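Report on the following structure.
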There are 2 protein chains.
Amino acid sequence: MRYHRIPDETVRRLPIYLRALLFAADQGQESISSRDLADFVGVNPWQIRKDFSYFGEFGTRGVGYDIYELAQQIKKILKLDVTKQAALVGVGNLGSAILAYPDLRMFGLDITAVFDVNPRKIGRKVGDVEIESVSRLRTLERRKINLAIIAVPRNAAQKVAEALVRAGVMGILNFSACYITVPRRVKVITIDIATDLARLPYYVPTR
Amino acid sequence: MRYHRIPDETVRRLPIYLRALLFAADQGQESISSRDLADFVGVNPWQIRKDFSYFGEFGTRGVGYDIYELAQQIKKILKLDVTKQAALVGVGNLGSAILAYPDLRMFGLDITAVFDVNPRKIGRKVGDVEIESVSRLRTLERRKINLAIIAVPRNAAQKVAEALVRAGVMGILNFSACYITVPRRVKVITIDIATDLARLPYYVPTR
């Protein structure tokens, strides 16, 4: 089966639906209505139906979605049905938090290469993985790792991104609170904690 | 001026536009087209125009948006024009990364209360702020802090959320990789690093 190109905003929401479906399955549920799913993740039911319309017909009116089937389908579309290796650059507080983050494997991701610039960290182990020098980023190509997470201070992020691109990385999750410039063929998703926090006051009565 | 209720997804994007506008201003730019802004933040130009349509008419055809004016307007809508105090619960790796995150004040947020459960951390200072015991969460009400960030292990998140709600907190940013249940009047935004990472493989050719 081939899919049409799915809008970025839908791709952003699909893992959130997946997380909710896996949670509901864990609670023993077998099906879920778009309304309940919507309530759970905090979007409109019509948004969910529209998002799912990009990849086929799901759900039976009055019964709802089969949780297992829908979760499998989302995993397949997001290419999470096969575990992917990813690299992490920067083992500061944020990098360490990412490494310790629960459920990455549940979402098909396995951080199998970790890099830092600090000589005192290089050679240390985090879980099963040994921290390597950033000078070894170029080895990613022959290790067939083409996803990477950048969690370095912002003034180092662009250089790291360039090294990753030279090493054949095609997808970057950038946590460095800055914009990075890469060739168009490389996908960058920027996670900015400040802009996430900045959403909150809107909803809260002024004191 | 009163605004209509703005959709959550628009509220999510506004700080991202704001970040880009502040960056462009920093580079000496005075105006920006919706196309350039769209390119910069990675959304469609029509999405930007639609998002801005919720709060008025901006931009002059062929000239683009006045960066300063638009940034001020977005700050006002998001209630970021006055700095807000926020609490942080959990000073592990993730909490420490949030505390060290650049630009929170630029987005109108100031973390002025920090809590942990670990006796070895309580009493220590992070920046200007002393880490307090979570037993003191109830003091938030009289300190007039009604925004909070949860960065505790997931099995502790629900209890912390309940304590925050009892202390009058009205907006919670939840980084704990789990769902928390709060009364409807309280706004919860959940940030889930796993679901952010899970977006990446979709864009990357399979090896």
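For chain A, the longest principal axis of the Cα atoms and the long axis of helix A:8-26 meet at an angle of about 70 degrees. Across the identical copies, the 7 Å label point of A:K125, projected outward along Cα→Cβ, sits 3.9 nm from its counterparts, in ascending order. Angle of helix A:67-77 to the longest C-alpha principal axis of chain A, folded into 0 to 90 degrees and rounded to 10: 40°.
Each residue of segment B:188-201 was assigned a 3J(HN,Hα) from its phi angle through the Karplus curve 6.51 cos²θ - 1.76 cosθ + 1.60 (θ = phi - 60°); the sequence is 10, 10, 9, 10, 10, 4, 4, 6, 5, 4, 5, 6, 5, x Hz, with glycine and proline shown as x. Could you tell me whether the protein assembly as shown comes out rounded, prolate or oblate from its Cα gyration tensor? Rule is a ≥ b ≥ c as square roots of the eigenvalues, rounded for a/c under 1.5, then prolate if a/b exceeds b/c, otherwise oblate. The shape class here is rounded. Hey, rough spin-label estimate for A:Y68 and A:Q27, points 7 angstrom out along Cα→Cβ, what's it come to in nanometres? About 2.0 nm, to one decimal.
Here is how far apart the A:R136 label points are across copies: 4.4 nm, shortest first, using a point 7 Å from Cα toward Cβ. In nanometres and ascending order, the distances from the B:N155 label point to those of the other copies are 4.2 (point 7 Å from Cα along Cα→Cβ). Close amide H pairs (under 5 Å, H built 1.01 Å from N) link A:N174 with A:I150, A:I189, A:T190, A:I191, residues at least 5 positions away or on another chain. Taking a ≥ b ≥ c as the square roots of the eigenvalues of the Cα gyration tensor, an a/c ratio below 1.5 marks segment A:84-192 as rounded. Of all the options B:V63, B:V188, B:V82, the one that moves most in a Gaussian network model of chain B with Cα springs shorter than 10 angstrom is B:V63.
Centre-to-centre separation between the Cα atoms of segment B:25-99 and those of segment A:10-39: 30 Å. Overall, the anisotropy analysis places segment A:8-77 in the rounded class: the square-rooted eigenvalues a ≥ b ≥ c of its C-alpha gyration tensor yield a/c less than 1.5.
Of the residues B:I189, B:F107, B:F23, the one whose Cα sits farthest towards the positive end of the charge dipole of chain B is B:I189 (charges of +1 on Lys and Arg Cβ, -1 on Asp and Glu Cβ, taken about the Cα centre). For the rotational copy pair A/B, the chain A residue whose Cβ lies nearest the symmetry axis, together with its distance in Å, is A:N93, 2. Within the shell of other residues whose beta carbon sits under 15 angstrom from the beta carbon of B:G127, the net charge comes to -2, with Lys and Arg scored +1 and Asp and Glu -1. With the convex hull constructed from alpha-carbon coordinates only, chain A shows a mean projected area of 14.7 nm² over all directions.
Applying 1/(1 + (r/R0)^6) with R0 = 45 Å to the Cβ-Cβ distance of B:R142 and A:N155 gives a FRET efficiency near 0.65. Pairs exceeding 30 Å between alpha-carbon atoms, taken from A:K79/A:K159; A:K121/B:K79; A:K50/A:K76; A:K75/A:K187; A:K50/B:K187: A:K121/B:K79.
Each Lys and Arg contributes +1 and each Asp and Glu -1, all at the Cβ; summed about the Cα centre of the protein assembly as shown, the dipole is approximately 260 debye. Counted by Cβ distance under 15 Å from B:T190, the other residues give a net charge of 0, where Lys and Arg count +1 and Asp and Glu count -1.
For segment B:140-148, backbone phi angles converted through the Karplus equation (6.51, -1.76, 1.60; θ = phi - 60°) give residue-by-residue couplings of 4, 4, 6, 7, 6, 9, 10, 10, 8 Hz, Gly and Pro being listed as x. Charging the Cβ of each Asp and Glu at -1 and of each Lys and Arg at +1, and nothing else, the dipole of chain B about its Cα centre rounds to 860 debye.
For B:A86, the residues 5 or more places off, or on other chains, whose built amide H falls under 5 Å of its own are B:D110, B:I111, B:T112, B:A113.
Loop-located trypsin sites (Lys or Arg not before Pro) across segment A:155-193 with a Cβ neighbour count of 11 or fewer within 10 Å are A:R184, A:R185, with loop assigned by DSSP. Distances between placed amide hydrogens fall under 5 Å for B:V91 paired with B:V117, all partners being 5 or more residues away or on another chain. Shielding by partners for peptide B:91-103, expressed as the average number of C-beta atoms from other protein chains within 10 Å of each residue's C-beta, is 6.
Computed from the coordinates by the stated procedures, all read-outs in this text should not be read as laboratory data. Please read all numbers here as calculations on a predicted model, not as lab measurements. Cβ sites come from the backbone with ideal geometry, for glycine too, and all protein chains shown count toward neighbours.
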